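Each remark here refers to the structure printed beneath this line.
We did not get these values from a lab; they are worked out from the coordinates using the rules stated. Just so it is clear, the structure is predicted and the values come from calculations on it, not from any experiment. So basically every Cβ, Gly included, is an ideal-geometry build from the backbone, and we count neighbours across all protein chains shown.
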Amino acid sequence: MMGIEMKKIPLISSSFLFLLIIVWTLCSCHHTQYFVLSQCLDNEKSILLEFKDNFRFSSPDASAKLKIWNQSTDCCQWSGVECDSDSRVASLDLSREQITGSIGNSSSLFRLQHLQVLDLSSNHIEGSIPSSIDSRKLLVNESTSTTSCRLSDMNLSNNNFDGPIPMWIFQQCKYLLRLDLSLNRFDGTLKLDPLNQISNIGPKYPGLDFRHVHWNFSCNRLVELEPPLPISNLTDYGHNIYIDLHSNNFQGKFPPLPFKIANLDCSNNNFTSIDPDFGIYLSRTFFLSFSNNSLYGSIPTALCNTTSLRLINLEYNYLDGTIPDCLGFLYFLTVLNLKGNNLRGVIPANFGDNVRYLQTLDLNGNFFQGRVPRSLANIEGLRVLDLGNNRFNDVFPCHLKRLPNLQVLILRSNEFYGTVGCRKVNHSIWPMLQIMDLAVNNFRGELRAKHLFNWRSMMVGTSDQQLQQGRLISDVAPGSCVNVNQRYYQNTATVTLKGNTYELQYILTIFSIIDFSNNLLHGELPVELGNLNGLVVLNLSHNSFSGKIPPSIGNLSQIQSLDLSCNIFSERIPTQLANLNFLGYLNLSYNKLSGKIPTSTQLQSFDASSYEGNQGLYGPPLAPFNGNEVDPRTNSQGSDWSSKSVLEWMLMGAEVGFPVGITVILGPLLYIRRYREWYCSYLHILVMKILCKEGYARRRRRVRQQRRRR
């Protein structure tokens, strides 16, 4: 008997626990917005049908909701309509209905007195929102005879609204927790004082969940933020306020805020400065972006007044000076993006000692110098390290070999020197690496396969992530409003493909790139390079690599861009390159390759410029075989002797002296046509070799000139 009772105890406990959950859920319902199925009121049905008649459709079949509204059915059952427990329309969702027209001052929409949720997003509604409403009949609360509307969620995004944003939205809709006016044509001034009326209502209406307030004004034509009245005592009401102002025409000084804020996105505007007391509004802030503005001066030390910051994005401004030491004490910081400014000096030596959660450090396009701090090795979660286009002078950063999660390493266009790789390592460093850009530096020596070409994330089938293509956003102008409803911070990397600069987005997916171009590397390429069959871009141009092109290159099944130009590769082009089905760009020019270009629709589809400067190559797209094919094994020696002889002859002539030089060189050039043609031909070859080998200097200057977007 005791055994039976003991078995029943867990059943009773489980039932009792289930009952408690039900009771708790019912008791907490008054804190949550909910709608029920009920019979709608006739007057509200008439209002909805009148509202429907005010709009047109871009095509007869465009509507999925409004087309089924009719007088004979219950409006609470209509698609896009939800009613509350009193059978009053509480939610109206007509998003993506392809409706056109405008909202007038007498629109029936404003007579839905109990409407809490309104979604008209992604339509073609145009015109301005009425600047005022008739308080005698519109949005009236019958129980209190006030004009305070009940809207808590209004989404008018992605339409063609224009004109100023009416202030009655904030003055009367004091429950408004979520407001999305993005992707329209609103202009004029945005006043901050009315926003404060909503932000401080939390204590007065404890029944509503005011923990999160979202206001989105992005992607409009707003030109001015009107500061609030002087604030004697800034109050923290305990809720998280999210404000999105990105991609407008705001300019001048960013004013003080009337409330503390959790998320502030002011990117893609023309702000020139920030209020000196800005730090007092940041005690609750975790996301702060002023990217793509015109901020001058030094980095505001007010940013250090909060320990809650997770993301700081100040890229593409005119900030100068150094990195404040205090930024290294923001313990929870995960992203620090200072790309494209005029910052100088060195990275603080102890910067990496305290920012243990940092995942992205982007300092590209500044004037930093010195060495890469050893303390960065303490940031074990670091995924993206972009130090490109600066003046760092250091050896290959082997001290960072302990970073197991590093996925992007960009050292491009600096003054790094020495060999590439770490000798005192018995295993592959950075197994998660996907992008490695060492281009335009002074690295020299040979590439050691043991420590470089075993990156697991560059091998198809060995990564834990699904193979995806990165997204090139070169055709998307900075600050453009794309996928605004899914906007959040995306790591990007500046890469060079086909001689052009691109912004690569979603770099934490598998988009593998190796760029060692414009260095002083030499020797033969390791066969192990072919193991990286997930590579999408490989650029080894403008070095002194020699020997045969490894046939294992044909194993790079995902490769889309391959540049081996301006090296000393010799012998034939491997036939295995014909297997690269995704190859969209190929450059083998200015090497010492010879023989017939392998027969393949893929290889022969490229322009002749992909193969020029290789004296012994023939076959489509180059000229056919002329019967004088140079032996690949002797081509290198003969070419060296020919170029060397011409160069030595010219130098000897110069040493004789100016008068003899005039006679020997300029005389035949002026009077002997055959000599003039011969001289110009060899001079052209010599100049092309010099330009090809020394082209990295010119590229470096061009990169520094073009790295600023303005």
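For Ala449 and Phe625, FRET efficiency with R0 = 35 Å and r from the beta-carbon atoms, rounded to 0.05?
Values: r = 36 Å, r/R0 = 1.02.
The calculated FRET efficiency here is 0.45.
Around Gly127, which amide H atoms from residues at least 5 apart in sequence, or from another chain, sit under 5 Å from its own amide H, with H modelled in the peptide plane? Hits under the 5 Å cutoff: Asp162. Under 5 Å from the amide H of Phe250 lie the amide H atoms of Asn270, each residue being 5 or more positions distant or on a separate chain, with H modelled from the backbone and absent for Pro and chain starts. Spacing of the modelled spin labels on Glu524 and Ile280, each 7 Å from Cα toward Cβ, amounts to 7.2 nm.
Summary of packing: across the peptides 588-594, 252-258, 379-385, the per-residue average of other C-beta atoms within 10 Å ranks them, highest first, as 588-594, 379-385, 252-258.
If the segment from Ser609 to Gln39 were pulled out straight at 0.36 nm per residue, it would be longer than the present Cα-Cα gap by 197.8 nm. FRET efficiency for the Tyr417 to Ser95 pair, using the beta carbon distance and R₀ = 56 Å, is estimated at 0.45. The length gained by stretching the chain between Asn581 and Ser544 to full extension, at 0.36 nm per residue less their Cα-Cα distance, is 10.6 nm. With a simple spin-label model that places each label point 7 Å from the Cα along the Cα-to-Cβ direction, the separation between Val395 and Cys326 comes to 3.8 nm. Full extension of the chain between Asn442 and Asn350 gives 30.4 nm of extra length, using 0.36 nm per residue less the Cα-Cα distance. Peptides 112-118, 597-603, 161-167, 561-567 ranked from most to least packed give 561-567, 112-118, 161-167, 597-603, packing being the mean of other C-beta atoms within 10 angstrom over each peptide's residues.
If R₀ is 45 angstrom, what is the calculated FRET efficiency for the pair Asn270 and Thr601, using the beta carbon separation as r and rounding to 0.05?
Working: r = 51 Å, r/R0 = 1.13.
For R0 = 45 Å, the calculated efficiency reads 0.35.
Only residues of the range 77-98 count here: report those whose backbone N is under 18 Å from the spot 7 Å along Cα→Cβ of Asp61, or say none. Only 97-98 pass the distance filter. Taken along the Cα-to-beta-carbon direction at a fixed 7 Å, the label points for Leu49 and Glu126 span 3.0 nm. Listed cross-link partners Lys401/Lys592; Lys45/Lys174; Lys52/Lys260; Lys45/Lys191 are compared with a 29 Å cut-off, the Cα-Cα value being larger for Lys401/Lys592; Lys52/Lys260; Lys45/Lys191.
Ranked for footprinting exposure by Cβ neighbours inside 10 Å, fewest first, Trp168, Trp78 give Trp168, Trp78.
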